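The values are calculated or read from the model by the stated rules, or taken from the named source; none is laboratory data. Please read all numbers here as calculations on a predicted model, not as lab measurements. Note: ideal-geometry Cβ built from the backbone for every residue, glycine included; neighbour counts use all protein chains shown. Surface accessibility is based on the protein's heavy atoms, side chains included, excluding ligands, DNA and RNA. Shrake-Rupley method; radii C 1.70, N 1.55, O 1.52, S 1.80 Å.
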Protein chains: 2
Amino acid sequence: MATRVNGADSLYSYSKYSSFQRNAIDAAKELIKEAVFDKLDIESFSSSNTFRVTDLGCAMGPNTFVAVQNIIEAVEDKYRTQGRNSEVPEFQVFFSDQAGNDFNQLFQSLPPDRNYFAMGVPGSFYSRLFPKAHLHFVYSSFSLQCLSKVPEEVLDSSSPAWNKGRVHYSNSAHQVVEAYSAQYAKDMECFLNARAQEIVGGGLMAFVVPGRPNETPHAHTYYNMSLDLFGSCLMDMAKKGVIAEDKVDSFNLPIYNASLQEVEAIVRGNGCFSIERTENLPQAKPQPNVFRLTVRAGMEHMIRAHFGEEILDEFFDTFCKKYEESTSVFESVKAISLFVLLKRIACTDH
Amino acid sequence: MATRVNGADSLYSYSKYSSFQRNAIDAAKELIKEAVFDKLDIESFSSSNTFRVTDLGCAMGPNTFVAVQNIIEAVEDKYRTQGRNSEVPEFQVFFSDQAGNDFNQLFQSLPPDRNYFAMGVPGSFYSRLFPKAHLHFVYSSFSLQCLSKVPEEVLDSSSPAWNKGRVHYSNSAHQVVEAYSAQYAKDMECFLNARAQEIVGGGLMAFVVPGRPNETPHAHTYYNMSLDLFGSCLMDMAKKGVIAEDKVDSFNLPIYNASLQEVEAIVRGNGCFSIERTENLPQAKPQPNVFRLTVRAGMEHMIRAHFGEEILDEFFDTFCKKYEESTSVFESVKAISLFVLLKRIACTDH
């Protein structure tokens with residue numbers, strides 16, 4: 001993942017300002033309970049006395065604690081309703097994110113009354129993180145939209161996919177969109193191949209990501225419009241001479257907001273997972289004051305790394321002001337998150 | 001564990017100044033290779049395709065990376081020399097320390113070419129950290145001398161074990177020594193019971209700790225003499241009025257340096273492990289300049305927490321000066337570390 005969120009010490013701390021995502025977690029909560037109840041075959045795991053859960057892209061909490069507790073309670077309920085109280089396994093939870101994540105903060109804010117063994121796993125989920133056949137439930141929330149890198153062509157001035165004057169694909173030439181979409185497919189294939197090895201047969205994987213409704217043009221979805229606005233603010237600053245124009249040309253956001261159709265096609269192509277359920281979850285749009293804090297907590301790091309500390313305040317002020325002014329435009333488009341539930345099937349070629 | 005080491009950002013960083021302990025790690029390295037070769041029954045683990053190692057009290061590296069690599073190479077060698085190359089398992093390494101440890105530094109300095117899946121596990125090793133029957137090799141270096149807490153009696157002015165005017169037991173009344181030794185036995189019992197559940201039958205546990213030769217009085221061993229000097233510097237500062245005397249009375253070091261006889265008695269009493277090998281390892285005494293840095297990296301946190309930031313420089317200057325002046329006294333006593341190798345045996349009552 002090329003993006004990361006602000007640490008706990010930051011003024012715009014992710015742990016304080018990630019409440020916007022709670023909306024999607026709450027929506028997914030019931031779906032995950034149903035997934036465990038309807039789709040999890042606990043018989044097939046009975047040889048293991050440990051049930052292993054991971055949250056990939058867990059950040060530093062607290063959302064991740066709510067999510068894993070929900071999964072664990074659902075599994076416990078399932079054992080109990082089947083009259084198998086004595087067989088309830090021990091739970092081991094792997095909180096995973098990039099090595100640059102604030103694991104110190106995560107570990108120090110673990111719920112003291114947790115009923116699981118907590119572990120931290122540093123690394124990119126686009127490669128292997130766990131031993132073979134290790135995991136029973138994989139969860140990921142608002143992380144799989146982050147590409148492993150910006151597609152190379154969009155930064156290459158000699159390529160037809162050069163994305164000059166823009167930092168995202170949604171209003172760009174079709175070659176740019178294709179470069180992004182190809183990078184997404186490649187990354188998802190790496191993700192699925194890694195997980196196919198790590199998840200036990202019959203194990204479940206549920207993820208929630210910001211999405212695009214099927215058939216809706218890239219430029220007409222809430223998340224992409226926000227990112228387009230983000231880019232236009234950088235261009236405004238370049239025009240004003242605050243930042244160099246070629247600095248903007250060499251900056252693109254490694255984010256892709258897929259549709260369910262795209263995700264389903266990639267999963268089918270991979271062949272290691274059955275698609276058990278997909279949903280477009282309506283996503284509340286954040287109020288401007290929440291937006292301001294959320295977006296800065298999530299994206300400050302990227303802007304700082306490329307443009308330097310000194311433009312941060314001006315940039316985020318401009319961006320949030322423009323966002324407020326565009327409220328009526330944003331009201332006219334849908335914001336959705338995708339919910340995808342997969343089950344690991346036998347897959348001899350992996 | 002009541003002690004912790006300085007973080008990477010500190011002037012006296014543990015990761016920079018833990019070279020003194022490398023001496024013991026190097027001495028233990030060969031013993032661990034022999035342990036894997038002679039005592040590890042890989043046949044009995046063949047149903048698992050993952051070999052799980054933990055370092056308990058790993059701090060922030062780099063010593064821990066050297067130690068776990070040594071264990072992994074020994075296991076790989078064992079498979080190869082038995083002509084079982086195709087059966088070499090995947091390795092999963094759990095780096096464990098208190099939640100206050102600098103895991104961010106640890107994760108960011110993981111060897112990039114490692115051939116294991118790295119996990120961090122926050123928590124005290126005096127309670128459960130892992131699911132049942134999870135671990136194949138447990139390692140701990142220079143950590144098990146840290147008690148879970150200071151024995152209560154030694155801080156209680158109404159107790160015959162009140163340790164007035166001292167911060168350690170080695171020159172104190174026998175009641176103080178007994179309180180420390182009882183706390184050590186209790187903590188070790190908790191440690192062994194937790195590990196008994198977590199280690200697979202036939203799994204190995206090796207630990208290295210600063211020790212006391214059998215039959216040698218507590219006051220005549222290098223580590224205890226250093227700690228006694230440490231306490232006398234605090235008392236000197238109290239006499240000079242720099243710190244309050246009752247502040248020293250309410251401070252005791254939660255450290256116990258056991259002998260092999262003591263360790264063996266506790267392990268036998270526990271009954272879940274067979275003692276496969278014990279050794280007194282000669283421990284080089286650090287030169288004064290190394291001592292200065294090592295001791296400050298390891299103990300600054302404790303002094304700061306109890307006496308405040310402002311006395312740190314004066315205290316460590318005094319302590320190190322006294323240590324230099326006492327070189328001839330220290331030369332006359334032995335410094336040893338204990339090496340203990342245990343194997344998990346069937347134990348029906350756990």
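Points to keep in mind about this one:
- In chain A, helices alone account for a calculated mean residue ellipticity at 222 nm of -13500 deg cm²/dmol, with every DSSP H run of four or more residues adding -39,500 (n - 2.57).
- Overall form of the stretch B:109-178 per C-alpha gyration tensor (a/c, 1.5; a/b vs b/c): prolate
- Cβ-defined net charge surrounding A:Ala67, 9 Å radius [Lys, Arg +1; Asp, Glu -1]: 0
- The value of relative contact order for chain A, using C-alpha pairs under 8 Å at least six residues apart, is 23 percent.
- Counts of other chain beta carbons within 10 angstrom of each beta carbon in peptide A:103-110 average 6.
- Gyration tensor (alpha-carbon) shape descriptor, the stretch A:167-213, a/c threshold 1.5: prolate
- Environment charge of A:Pro213, counting only residues whose C-beta is closer than 15 Å and scoring Lys/Arg +1, Asp/Glu -1: -1
- Grouping the Cα pair distances of the stretch B:198-350 into 10 Å bins from zero gives a pair-distance distribution of 10, 32, 28, 19, 10, 1 percent in increasing distance order.
- Span from the the stretch B:117-138 Cα centroid across to the the stretch A:200-276 one, whole angstrom: 38
- Local net charge near B:Glu90, Cβ-Cβ under 10 Å (Lys/Arg +1, Asp/Glu -1): +3
- For A:Lys247, the lysines whose Cα falls under 16 Å of its own Cα, not counting residues fewer than eight places away in the same chain, are A:Lys164, A:Lys239.
- At a probe radius of 1.4 angstrom, the accessible area of the protein assembly as shown per residue rounds to 38 square angstrom.
- In range of the label at A:Asn280: residues from the stretch A:251-272 whose backbone nitrogen is under 17 Å from the point 7 Å along Cα→Cβ: A:257-265
- Label point distance in nm, A:Ser48-A:Lys240, each placed 7 Å from Cα along Cα→Cβ: 5.4
- Only protein atoms count toward the accessible area here, which uses a 1.4 Å probe; on the protein assembly as shown, the carbon and sulfur part of that area reaches 49 percent.
- Over the protein assembly as shown, the hull volume per residue, using the convex hull of the C-alpha atoms, is 186 Å³.
- Buried area at the A:B interface is about 2100 square angstrom, summed over both chains, from accessible surfaces computed with a 1.4 angstrom probe.
- Residues within the reach of a label modelled at A:Ser86 (point 7 angstrom out along Cα to beta-carbon, backbone nitrogen below 18 Å), restricted to the stretch A:48-76, are A:48-50.
- Built amide H within the under 5 Å cut-off of B:Val121, gap 5+: A:Gly120, B:Phe95, B:Ser96, B:Asp97
- If you wrap the stretch B:167-272 in the convex hull of its Cα atoms and look at it from every side, the mean projected area works out to 7.8 nm².
- Across peptide A:116-125, the average count of Cβ atoms from other chains found within 10 Å of a residue's Cβ is 6.
- Rounded if a/c under 1.5, otherwise prolate or oblate - chain A, Cα gyration tensor axes: prolate
- Within the stretch B:19-344: Cβ-based charge dipole about Cα centre, in debye rounded to nearest 20 (Lys, Arg +1; Asp, Glu -1): 380
- Inter-chain Cβ neighbour average for residues A:129-138, partner chain, 10 Å: 3
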